[in-house]
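Working notes for the structure below.
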Amino acid sequence: MAADPDRVIIFDTTLRDGEQSPGCSMTQPEKLRVARALAELGVDVIEAGFPAASQGDWESVNAVAREVHGPVICGLARCNRADIELAARALGDAPRHRLHVFLATSAIHRQYKLNMAQEEIVRNAVEGVRIARELCEDVEFSPEDASRTELEFLAQVVEAVIAAGATTINIPDTVGYTVPDEFAELFRYLRKNVRGIEGVTLSVHCHNDLGMAVANSLTAVVAGVRQIECTINGIGERAGNCSLEEVVMALKTRETFFNARTRIDTSRLYPTSRLVASITGVSIPRNKAVVGENAFAHEAGIHQHGMLRHRSTYEIMRPEDVGLSRSSLVLGKHSGRHALRQRIEELGFELDETEFNRVFTEFKTLADKKKELFDGDIEALVLRAEQSAGGPWTLVELRTVTDSGGPAEAVVRLVHADGRSVEQTARGDGPVDAAFKAIEAATGVSVVLKKFELHGVTGGEDAQGEAIVYVEYNRRTYRGSSVSTNIIESSTQAFLEVVNRIELAQRAGARPREEQSGAARAAQTAV
Ligand code: KIV
Ligand code: ZN
């Protein structure tokens with residue numbers, strides 16, 4: 001794919017490895033939004049999901065394959081015909097697509113997970129790649145847990161799958177165990193001992209359990225790897241995956257050291273990162289490299305002094321290079337369409353006319369409640385408008401009564417997309433608890449509240465509050481979020497979003513892990 005030998009292919013797996021981590025699940029419209037943002041960002045490959053994991057996964061991969069153009073669209077499959085054919089069918093509509101097949105190779109996985117001998121692993125891996133090649137020209141193979149696999153055996157598997165037709169060999173550090181020098185040695189070994197390796201793209205897939213995913217990926221580039229698998233904000237299993245924005249900015253900022261480049265439009269990094277944070281509810285730590293709120297803030301006097309003399313004293317990247325163009329410009333109720341549109345564009349968002357009109361209306365409503373609107377407020381309005389898939393339940397009325405002594409009472413009126421209108425009253429420990437109980441009674445969906453977060457979107461006494469709610473339902477985790485100047489309202493809307501997600505997931509056939517078919521269950525535990 002990369003004609004330029006110094007180009008590094010960016011393979012984004014936010015929608016597969018990122019999405020499969022607890023609390024990060026996305027609905028199909030959300031996955032499409034992220035996939036479109038990734039295409040705009042300029043990623044080369046989008047791993048859109050694992051079609052055999054569930055019907056919902058299959059449909060999402062298929063929707064991305066049909067609707068998102070530019071990047072290669074990839075689907076994951078285990079090394080068996082049923083999985084591979086399912087994935088191929090899901091991807092069929094994408095002009096350029098890739099099948100990614102994997103099988104664990106380490107002794108630990110062979111013994112405890114697969115109960116397979118080495119010869120069986122080689123046979124299955126080769127068979128998987130052959131089937132995939134019958135259906136697709138572009139086939140990637142991953143020996144799962146490669147970094148804990150005996151080098152000789154790893155080389156044997158890799159050589160066999162290259163002979164069977166794999167075009168990309170991805171080396172996963174599945175449990176984030178390796179360290180840079182050891183990882184570089186692994187690639188040197190493979191390059192020296194595997195016949196045919198010069199004819200394939202070498203790839204790396206690092207998890208961050210010891211905080212080394214980015215460092216290990218960069219070391220692999222020095223060792224000749226030309227594809228990095230990563231996720232936006234580093235989301236993913238356990239401590240996450242290699243963070244796309246960090247690895248890309250490291251390659252850009254230290255281009256002369258790495259002598260390698262990507263096709264990423266780095267000015268899209270910040271808005272894409274915000275979009276994924278807002279959709280998944282996994283917030284970005286203030287001190288996160290590249291996209292954290294403090295990444296370009298200079299507090300210490302000596303630093304500020306240096307910065308005033310020359311930015312390069314304490315700044316190795318410019319905020320605008322990553323799409324961060326924050327300003328202290330404040331908008332208010334007298335600001336017009338033009339000012340709002342300009343600010344939205346400066347923040348890196350592109351809205352069509354309908355979306356903009358919706359944001360403008362909400363902007364005016366908010367400006368009536370809140371004197372000054374900062375960048376954080378505008379971002380929240382845009383992200384909320386972009387996400388408002390809406391329904392099936394909508395909150396039409398919320399009333400709460402509370403006094404310091406006794407329980408609070410909430411009345412909610414909800415309407416359903418099928419035309420039902422339900423009003424319910426409930427009592428609780430406080431107005432938020434009462435509103436949650438009223439929604440449960442109205443919708444018949446009873447959940448276990450796991451976590452409830454509330455924080456200000458900006459500073460100031462009239463700041464908007466963002467509520468994030470995590471619940472467990474039928475042994476799955478669901479999340480909802482909402483922003484409002486009224487925190488009882490944002491909490492209630494966040495809770496209703498959770499109920500809506502549950503209803504949508506049930507329609508898409510989501511079942512608790514224990515009750516899934518053997519294939520889907522193994523599919524989910526295998527990666
Ligand atoms: O971490 C891992 O090993 C994976 C593979 C499927 C690439 O996610
Ligand atoms: Zn992984």
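The values are calculated or read from the model by the stated rules, or taken from the named source; none is laboratory data. Worth saying up front: this structure is predicted, and the values here are computed from it rather than measured. Glycine also receives a Cβ, built like all others from the backbone with ideal geometry; neighbour counts cover every protein chain displayed. Just so you know, the surface numbers come from the protein's heavy atoms only, side chains and all, with ligands and any DNA or RNA stripped out. Shrake-Rupley method; radii C 1.70, N 1.55, O 1.52, S 1.80 Å.
Before moving on, here are some points about what is shown:
- In this Cβ point-charge picture (+1 for Lys and Arg, -1 for Asp and Glu), the chain has a dipole of about 120 debye about its Cα centre.
- Residues in the stretch 465-502 reached by a label modelled at E440 [backbone nitrogen below 14 Å; 7 Å Cα→Cβ]: 470-474, 495-496, 499
- For the chain, the solvent-accessible area of protein heavy atoms averages 43 Å² per residue (probe radius 1.4 Å; ligands and nucleic acids excluded).
- Per-residue [θ]222 nm for the chain (sum of -39500 (n - 2.57) over DSSP H runs n ≥ 4, rounded to 500): -12500 deg cm²/dmol
- Considering only beta bridges that DSSP places wholly inside the chain, some 50 percent are antiparallel.
- Karplus (6.51, -1.76, 1.60) ³J(HN,Hα), θ = phi - 60°, over the stretch 364-370, in Hz, Gly and Pro reported as x: 5, 4, 5, 5, 6, 8, 9
- Under a 5 Å amide H cut-off, with hydrogens placed 1.01 Å from N, I171 pairs with S203, V204, H205 among residues at least 5 apart or on other chains.
- Think of the chain as a dipole: +1 on every Lys or Arg Cβ, -1 on every Asp or Glu Cβ, centred on the Cα centre; then among V161, S490, L414, L414 lies furthest on the positive end.
- Computed from backbone phi, the HN-Hα couplings of the stretch 138-148 come to 9, 10, 9, 10, 10, x, 4, 6, 4, 5, 10 Hz, rounded to whole numbers (Karplus: 6.51 cos²θ - 1.76 cosθ + 1.60, θ = phi - 60°; Gly and Pro given as x).
- Amide H within-cut-off set for E372, under 5 Å, with H built and near neighbours excluded: none
- Beta bridges assigned by DSSP with both partners in the stretch 9-288 are antiparallel in approximately 5 percent of cases.
- Surface share of carbon and sulfur [accessible, 1.4 angstrom probe, percent] for the chain: 49
- Qualifying trypsin sites (Lys or Arg not before Pro) in the stretch 240-289, DSSP loop, other Cβ atoms within 10 Å at most 14: R254, R286
- Computed over the Cα atoms of the stretch 9-288, the ratio of the radius of gyration to the Kirkwood radius (Rg/Rh) comes to 0.94.
- Straight-line cross-link partners of K437 among the lysines, defined as a Cα under 29 Å from its Cα and at least 8 positions apart when in the same chain: K369, K450, K451.
- Amide proton proximity set for T458, modelled H, under 5 Å, gap of 5+: Q464
- What the phi angles of the stretch 439-449 give under the Karplus curve with 6.51, -1.76 and 1.60, with θ = phi - 60°, is a coupling list of 5, 4, 5, 5, 9, x, 9, 10, 10, 9, 6 Hz, glycine and proline written as x.
- Along principal axes, Cα extents of the chain, largest first, whole Å: 73, 63, 42
- For the pair the stretch 198-212 and the stretch 245-268, the centres of their Cα atoms are 16 angstrom apart.
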